[in-house]
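K.L.:
The structure follows.
Laboratory data are not the source of any read-out in this text; all were calculated from the coordinates shown. Because the structure is predicted, anything quoted here is derived from the model rather than measured. Every residue, glycine among them, receives a Cβ derived from its backbone with ideal geometry; neighbour counts consider all protein chains shown.
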Amino acid sequence: MIGESMYQELILEHYKHPQGRGLREPYDAEVHHVNPTCGDEITLRVKVGDAGKILDVSYDGQGCSISQAAASVLHELATGSTVEETLSVVDEFTRLMQGRGKVEADEEVLGDAVAFAGVAKFPARVKCALLSWMAYKDAVVRSAAT
Amino acid sequence: MTYDGFDVEKIRKDFPVFSRELPDGRPLVYLDSGNSSQKPNQVIETMRDHFALHYSNVGRAMHVLGAESTDAYENARDKVAGFIGAPSRDEVVFTKNASEALNLVAYSFGNPASTDPRFTLGPGDEIVISEMEHHSNIVPWQLLVQRTGATLKWFGVTGDGRLDYDPGLITERTKIVSIAHQSNVLGTVNPVAAVAARAHEVGALVLLDASQSVPHHPVDVAGLGADLVAFTGHKMVGPSGIGVLWGRAEVLEAMPPFLGGGEMIEAVWMDRSTYAPIPHKFEAGTPPIVEAIGLGAAVDYLTGVGMEAVEAHERTLTAYALDALREVPGLRLIGPDTLEERGGTLSFTLEGIHPHDVGQILDDQFGVAVRVGHHCARPLHLRFGIPATTRASFYLYNTTGEIDALVRGLHHVQKVFA
């Protein structure tokens, strides 16, 4: 059935055991994003070190399994990577989510985030998956501006 | 399930949508009528017939089609008036929905075009609503107090989802009390008679948002105690695009026009106009003609079934659902858990599972259509400290078997997230 393909084991696992959740110091930028259609929200902080290395992505928020798991996966993928690398992952993830289920996911680039491919078939839920990723992109831009 | 000839299986046959399957062969279990109801053949055919054979503009065309359209449109007004027990057909104003009806009343206040003291509004004057209102009975009043400097006050809601009625909140300064007849989230039916008696004591008007009551109970506007009542067609087996404002004739006559345009005038000069008598004073422009006629057919359909029978059937469903949901572990009902003064709308949370996940799995796996979110009543959800709920709402075509499907679905949702 359609629904079970959206609720991949990896998504449920991240929802039940979120990685890196909780807001931490120090940080360079903090953003707060909401999804007005469903009330999901996230506060997200980034700490960027030398050579654009992402030292920490910390977050707190509330929402459905898709939005919360997406934040957890983002934390794992971004931490220890660089700004440049992660922004290309964000772009690929956005392309996948906005592809209405017709875009082939690049697993090389996306890693675990490929588990969200099924969400793209549900337009109402795409924003849930993108909430934390858009917040991250915003935070990185702001951290560079400071 | 039969009450004096009420046969739910026979009723389901009137609604073509119940003969379809969802993708992957899932049956449709439609538990979202509080959001919008399905339509019977009688409404679909009446509208089709009018579009096909009788359509023209109303109230102005001097030809056969114009006469037929006008007759059908005005006949729908008669039917609606009869359905809600309006003392006069002229008290039934067609709007595009309940929101427009509520806004129409809100815009009557603080308008220099009216000198009636009941509709003057300024700093020091008060408007009373409640915390359980739909956004459409909150935001128009917020906009009104921004325009006029009046004060907005509201009744709270008790932990078990009842109106926390405090007669003292209605004072000599209150100009209008506007509350839901039945909550679209809690299912609670409010004590209209008591509120209206208190409001009238201080000379305030009473407006009811009856969007969730008129479709489900026999409603007699003349006996309610309210001065004005708003409701909508699409929740009562009629089409969208048509709503109703009922008002006591004397109150409607005292209200200034809302929208200006054709049909609402008596005579127009370049610098001023005089207005048509009610109800046309409030029906500027070409109205939703076929939608009104469709609402007339909806009213005929519901009358044919009998509103007492509709109410009794929904009461049986609600009793069954309350019992069934009590058995689901981790389920918290938001609203009264008894049948007293409540309708067939049940909202709840499942511990640790977001309503969007509940709704998605119910739909994908079981074809169960519920509504998830804040149901346009965000302040009420804030009151209960939750961002959203899952809501099942029943109508005349629902069965206890569909409630069983909902409960099976909820158990499955819990298994997925266990």
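K.L.:
For region A:2-145, with equal point scatterers placed on the C-alpha atoms only and solvent neglected, what are the log10 I(q)/I(0) values from the Debye formula at q = 0.13, 0.18, 0.19, 0.21 1/Å, to two decimals?
P.N.:
Debye intensities relative to I(0), on a log10 scale: -0.50, -0.98, -1.09, -1.33.
K.L.:
What FRET efficiency do you get for A:Lys53 and B:Thr158 if R0 is 51 Å and r is their Cβ-Cβ distance, rounded to the nearest 0.05? Working shown, then result.
P.N.:
Values: r = 54 Å, r/R0 = 1.06.
The formula returns an efficiency of 0.40 here.
K.L.:
Net charge within 13 Å of B:Tyr395 by Cβ-Cβ distance, Lys/Arg positive one each and Asp/Glu negative one each, not counting B:Tyr395 itself?
P.N.:
Working: positive: B:Arg12, B:Lys39, B:Lys235, B:Arg315; negative: B:Asp14, B:Asp32, B:Glu311, B:Glu314, B:Glu402.
Charge balance near B:Tyr395 sits at -1.
K.L.:
Another question, then. Between region B:185-209 and region B:62-132, what is the separation of their alpha carbon centroids in Å?
P.N.:
Distance between centres, Cα-based: 18 Å.
K.L.:
How shielded is A:33-40 by partner chains, expressed as the average number of their Cβ atoms within 10 Å of its Cβ atoms? Walk me through the intermediate numbers first.
P.N.:
Values: counts 0, 0, 0, 0, 2, 8, 10, 4.
Mean number of neighbouring Cβ atoms from other chains: 3.
K.L.:
If you don't mind, there's one more thing I want to ask. Name the most mobile residue of B:Ala392, B:Ala267, B:Ala150, meaning the one with the largest mean-square fluctuation, in a Gaussian network model of chain B with Cα contacts below 10 Å.
P.N.:
Highest fluctuation of the listed residues: B:Ala267.
K.L.:
Let me ask you something else. Using only Cα atoms, tell me the angle between helix B:139-148 and the longest principal axis of chain B; keep it within 0 to 90° and round to the nearest 10.
P.N.:
30
K.L.:
Using the Cα atoms of the protein assembly as shown to build a convex hull, what is its mean projected area in square nanometres?
P.N.:
Details: hull surface 120.3 nm².
Taking the Cα atoms of the protein assembly as shown, their convex hull projects to 30.1 nm² on average.
K.L.:
Could you pull out the chymotrypsin sites (Phe, Trp or Tyr not before Pro) across region B:256-348 that fall in loop regions by DSSP (anything but H, G, I, E, B) with no more than 11 other Cβ atoms inside 10 Å? Present the calculation step by step, with values, prior to reporting the outcome.
P.N.:
Numbers: sites: B:Phe258, B:Trp269, B:Tyr275, B:Phe282, B:Tyr301, B:Tyr320, B:Phe348; in loops: B:Phe258, B:Trp269.
Those satisfying the criteria are B:Trp269.
K.L.:
Another question, then. Within 10 Å, count the other beta carbons around each residue, average over each peptide in B:37-49, A:56-68, and list them highest first. List each step's numbers first, then the result.
P.N.:
Values: B:37-49: 18.8, A:56-68: 22.8.
Ranking, from highest mean packing down: A:56-68, B:37-49.
K.L.:
Further, regarding this structure: Starting from one equal scatterer on each C-alpha and no solvent at all, send me the Debye-based log10 I(q)/I(0) for region B:46-142 at q = 0.12, 0.13, 0.19 Å⁻¹, two decimals.
P.N.:
With one equal scatterer per Cα and no solvent, log10 I(q)/I(0) is -0.62, -0.70, -1.03.
K.L.:
Rounded to the nearest 500, what is the 222 nm mean residue ellipticity of the protein assembly as shown from helices alone, with -39500 (n - 2.57) per DSSP H run of 4+ residues and division by all residues? List each step's numbers first, then the result.
P.N.:
Values: 19 runs with 215 residues, N = 564.
That comes out to -11500 deg cm²/dmol.
K.L.:
Expressed in nm to one decimal, what extension gain is obtained for the pair B:Arg26 and B:Thr171 from 0.36 nm per residue of sequence separation less their Cα-Cα distance? Let's see the in-between values first.
P.N.:
On the way: separation 145, 0.36 × 145 = 52.20 nm, distance 5.47 nm.
Result: 46.7 nm gained on full extension.
K.L.:
Okay, next question. What does the extension gain come out to for B:Ser273 and B:Thr338, with contour length at 0.36 nm per residue minus their alpha carbon separation? Please report the intermediate quantities before stating the final value.
P.N.:
Working: separation 65, 0.36 × 65 = 23.40 nm, distance 5.39 nm.
Stretched out fully, the B:Ser273 to B:Thr338 stretch lengthens by 18.0 nm.
K.L.:
Okay, moving on. Would you tell me the mean number of C-beta atoms belonging to other protein chains that fall within 10 Å of each C-beta in B:347-357, as a whole number? Kindly include the intermediate steps, with their values, before the conclusion.
P.N.:
Numbers: counts 0, 0, 0, 0, 0, 2, 3, 12, 3, 12, 12.
Mean shielding count: 4.
K.L.:
Using packing as a proxy for protection, rank B:204-215, A:38-49, B:137-148 so that the peptide with the highest average count of other Cβ atoms within 10 Å comes first.
P.N.:
Numbers: B:204-215: 26.9, A:38-49: 21.2, B:137-148: 18.2.
Those peptides, ordered most packed to least, come out B:204-215, A:38-49, B:137-148.
K.L.:
Could you tell me what a quarter of the Cα convex hull surface of region B:262-418 works out to, in nm² with one decimal place? Before the final figure, lay out the partial values.
P.N.:
Numbers: hull surface 55.3 nm².
Quarter of the Cα hull surface area: 13.8 nm².
K.L.:
What are the GluC sites (Glu not before Pro) within region B:328-418 that DSSP puts in a loop, where the Cβ has at most 16 other Cβ atoms within 10 Å? Walk me through the intermediate numbers first.
P.N.:
Working: sites: B:Glu340, B:Glu341, B:Glu351, B:Glu402; in loops: B:Glu340, B:Glu341, B:Glu351.
Of the GluC sites (Glu not before Pro), the ones in loops of region B:328-418 whose Cβ has at most 16 other Cβ atoms within 10 Å are B:Glu340, B:Glu341, B:Glu351.
K.L.:
Moving on to the next point. Provide Rg and Dmax in Å for region B:46-303, with only Cα atoms included in the calculation.
P.N.:
18.4, 60
K.L.:
Further, regarding this structure: Defining a contact as two alpha carbons under 8 Å apart and six or more residues distant in sequence, what relative contact order in percent does chain B show?
P.N.:
Details: 830 pairs, mean separation 91.7, N = 418.
Across chain B, relative contact order equals 22 percent.
K.L.:
A further question follows. Using just the C-alpha positions of region A:106-146 as equal point scatterers, what log10 of I(q)/I(0) does the Debye formula give at each q in 0.15, 0.32 1/Å?
P.N.:
Relative scattering, expressed as log10 I(q)/I(0), comes to -0.47, -1.01.
K.L.:
Further, regarding this structure: Could you give the nm distance between label points at A:Gln62 and B:Ser88, where each point is 7 Å from its Cα heading toward the beta carbon?
P.N.:
5.1
K.L.:
Using a Förster radius of 25 Å, what is the FRET efficiency between A:Lys16 and A:Thr94 based on their Cβ-Cβ separation? Nearest 0.05, please.
P.N.:
Efficiency, rounded to the nearest 0.05: 0.45.
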